[in-house]
Amino acid sequence: MPAELARRCQTATALRRRRFVPVLSVRRCWFLKARRNKHREREDDYDDARRSTLQHHDSDETSHSRTRLRELTYRYQPKHAPDGQPIRLGAVIRDPKTSAAALTTLLHDEAVEVFGILCLTTKHRVICWHEVGRGSLDSVIVMPREVFRPAIMSNAAAIIAGHCHPSGDANPSPEDLMVTHRLVQAGVLLGIELLDHIIIGDGSYFSFREMGRL
């Protein structure tokens, strides 16, 4: 009897083991499968987010690569004196004195050197005034391309350059001579004549054309 009981106990234990182990195994497999599925879901979420980011980046690059078309326009507006009144010039520039009178009206009150141009038609009628640069007490940077750009945009046939000397001395400096020579050369290439370069001083002026320097 004890041997039979022992045999039955062993059989029951074996059966329990056979039943118990598979259940553990199934639960363990389900648990591992759930972990794998969760990991895959995270990977999928990461891939989706990365794909969305790349698509957004590509769309941004596409939008940046396609620049909006812009139209270049110029507007003319009245030039005002310090007292607020519009500055009026003669309609036609006939000689250096007329040019000097016009530029004196525009530049005589400046505290620093200011360089600008009068744009003219083929009949030497004034189209507009354009301030090219504003410098310090004794110098201003002048580049030919900045000088002739408004002349090209306004369809000018010729220009008259002018700048002021706040010191009051209208005599040209070596830099003034060099700039004038460069502007003459650039005007020949562009087909826009530099009619004159006038320096405005204190109650006096210097005309390169009047002095035979052009």
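Work out the P(r) tail for the stretch 96-207: percent of alpha carbon pairs separated by more than 22 Å, whole number.
I get 23 percent for the Cα pairs in the stretch 96-207 exceeding 22 Å.
Could you sort the peptides 158-165, 117-124 by per-residue average Cβ neighbour count (10 Å cutoff), highest mean leading? Numbers along the way, then the final one.
Working: 158-165: 24.6, 117-124: 19.0.
So the order, starting with the most tightly packed, is 158-165, 117-124.
Contact order normalised by length for the stretch 84-214, with contacts defined as Cα pairs under 8 Å and 6 or more residues apart; what percent is it?
Working: 244 pairs, mean separation 32.9, N = 131.
Relative contact order here is 25 percent.
Starting at the first residue of the stretch 199-210, write each ³J(HN,Hα) from the Karplus equation 6.51 cos²θ - 1.76 cosθ + 1.60 with θ = phi - 60°, in whole Hz, x for Gly and Pro.
For the stretch 199-210, the Karplus curve yields 9, 9, x, 8, x, 8, 8, 10, 10, 5, 6, 5 Hz.
Provide the FRET efficiency to the nearest 0.05 for the SER173-ARG94 pair, computing r from the beta carbons and using R0 = 35 Å. Don't jump to the answer; show the numbers that get you there.
Details: r = 28 Å, r/R0 = 0.80.
Computed FRET efficiency for SER173 and ARG94: 0.80.
List the residues whose amide H sits under 5 Å from the amide H of GLY133, counting only those 5 or more places along or on another chain, with H placed 1.01 Å from N in the peptide plane.
Distant-sequence amide H within range of GLY133: PHE115.
Once the other residues with Cβ under 11 Å from the Cβ of GLU175 are scored (Lys, Arg +1; Asp, Glu -1), what is the net sum?
On the way: positive: ARG182; negative: GLU113, ASP138, ASP176.
Spelling it out: positives minus negatives among the neighbours equals -2.
What distance in nm lies between label points placed 7 Å from Cα along the C-beta direction at GLU146 and LEU189?
It is 1.8 nm.
Which FRET efficiency value, to the nearest 0.05, do you get for ARG213 and GLN77 by plugging their Cβ-Cβ distance into 1/(1 + (r/R0)^6) with R0 = 30 Å?
Details: r = 33 Å, r/R0 = 1.11.
About 0.35, to the nearest 0.05.
What does the charge count around GLU146 come to, taking other residues whose C-beta lies under 14 Å from its C-beta (Lys +1, Arg +1, Asp -1, Glu -1)? Before the final figure, lay out the partial values.
Values: positive: ARG134, ARG145, ARG149, ARG182; negative: GLU131.
Once positives and negatives cancel, what remains is +3.
Taking amide H positions as placed in the peptide plane 1.01 Å from N, state which residues far from ALA170 in sequence (5 or more) or on other chains have amide H under 5 Å from it.
It is ASP202, by chain and number.
Taking K and R as +1 and D and E as -1, what net charge do the other residues with C-beta under 10 Å from the C-beta of ILE159 add up to?
Working: positive: none; negative: GLU193, ASP196.
Around ILE159, the surrounding residues sum to -2.
A short reminder: the numbers here are calculations on the coordinates, not readings from a lab. All of these numbers come straight from a predicted model, not from anything done at the bench. Please note: Cβ atoms are built from the backbone with ideal geometry, for glycine as well, and neighbour counts cover all protein chains shown.
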